[in-house]
Amino acid sequence: ATDAVIDLNIFYDLHTTRADALDSLALKADWLANEINLCVTPELFNEIDRLDSQSARTAQKKWAHDYLRISGPPDEFRRAHRVLFALFGGQASRQQDSDLRHLAHVTASGSQFFVTKDGGILSHKDEIESQLDVTVLHPAELIVHVDEIRNNTAYQPARLKGSHLYLGRLTSAMVS
C-alpha cells in the first residue's frame, strides 16, 4: 500500500460531520483499504494542541494516534521548509506555516503523496512537485490515481478502439 499523508482539514473531514466532507470520506472506501495508508505528520498534533477545548484535544489526539505518523531527518525537514517558505513568498500566517510544516514533514519522510483541499497549497502543486518531489492531490484526485493504477488496462487507449469516440473541441453544431 502507498502512504498518503493527510492535512488537518482532511483529518477533520474523516472524524467530524462537516458539510463538505464527502470527497475526504471517500478515502475510507473499502476498496482503498489495501491500496493506501492514510498517514499524519507531527504537525497535526501541534495543530490539535492549539485547540481551546481540552475535551476536543483529547478526542482528536485519540483519533490521530490511529494513523501512522510519518517523519524524517530534521535537516531534511528544515531544508524542505526553507524551500516551501520561499515558494510561498517568504511570509506565512500561523495556519499557512502549519501547512508548510506538514509538507516539509512529507518531504523529509520520503512519502510521495500529500492530500489536501487547501486551495493555496493546491495552487502551488506543480512547483511543490518539481522542487520537492511530493505530489499534492485533492482527495478525489488521489482516488482517481489509485483507480488508474489498480485498473490500468481499463485506462488504455486500445480499449476505446472502434468505439467511435472523438476527441476535440466542442462546437455549437455538436450541441444541437
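The values are calculated or read from the model by the stated rules, or taken from the named source; none is laboratory data. It should be emphasised that the depicted structure is a prediction, and the values quoted were computed from it without experimental measurement. Cβ: placed from backbone, ideal geometry, glycine included. Neighbour counts: every protein chain shown. In case anyone asks, the SASA skips ligands and DNA or RNA and just uses the protein heavy atoms, side chains included. Shrake-Rupley method; radii C 1.70, N 1.55, O 1.52, S 1.80 Å.
Before we move on, is residue 4 open to solvent by less than 70 Å² (accessible area, probe 1.4 Å), within 26 Å of residue 149 (Cβ to Cβ), under 17 Å from the mean Cα position of the chain (by Cα) and free of Cβ contacts under 8 Å to residues at least 24 places away in the same chain?
When the stated conditions are applied, residue 4 does not pass them.
List every residue pair whose Cβ atoms lie under 8 Å apart, where the two residues are 6 or more positions apart in sequence or sit on different chains, the first residue falls within region 95-113 and is over 14 Å from residue 79 (Cα atoms), and the second residue, located anywhere, is part of a strand (DSSP E or B) and among the hydroxyl-bearing types (Ser, Thr, Tyr).
So the pair list comes out as 112/2; 112/135; 113/2; 113/135.
Out of all the residues in region 128-155, which are of a type outside the set (S, T, N, Q), open to solvent by less than 50 Å² (accessible area, probe 1.4 Å) and under 17 Å from residue 10 (Cα atoms)?
Those that are of a type outside the set (S, T, N, Q), open to solvent by less than 50 Å² (accessible area, probe 1.4 Å) and under 17 Å from residue 10 (Cα atoms): 136, 137, 138, 139, 140, 142, 143.
Against the condition touching a Phe, Trp or Tyr at 6+ places or on another chain (Cβ under 9 Å) and part of a loop (DSSP other than H, G, I, E, B), how does residue 101 come out, does it pass?
Criteria not met by residue 101.
Could you check region 1-49 and list, in sequence order, the residues that are part of a strand (DSSP E or B) and β-branched (Val, Ile, Thr)?
2, 5, 6, 36, 40
Of everything in region 21-44, what is in contact with a helix residue (DSSP H, G or I) (Cβ under 8 Å, 6 or more places away or on another chain), free of Cβ contacts under 8 Å to residues at least 24 places away in the same chain and either buried (at least 16 other Cβ atoms within 10 Å of the Cβ) or among the acidic types (Asp, Glu) (or both)? Give them in sequence order.
Passing the criteria: only 21.
Output the number of residues of region 105-125 satisfying the condition of being over 25 Å from residue 28 (Cα atoms) and at pLDDT 95 or above.
Of the residues in region 105-125, 1 are over 25 Å from residue 28 (Cα atoms) and at pLDDT 95 or above.
Quick check on my filter: what residues within region 102-127 are surrounded by fewer than 17 Cβ atoms within 10 Å (Cβ to Cβ) and within 12 Å of residue 9 (Cα to Cα)?
119
Among the numbered criteria (1) part of a loop (DSSP other than H, G, I, E, B); (2) within 15 Å of residue 99 (Cα to Cα), which single criterion is violated by residue 52?
Result: residue 52 passes all but (2).
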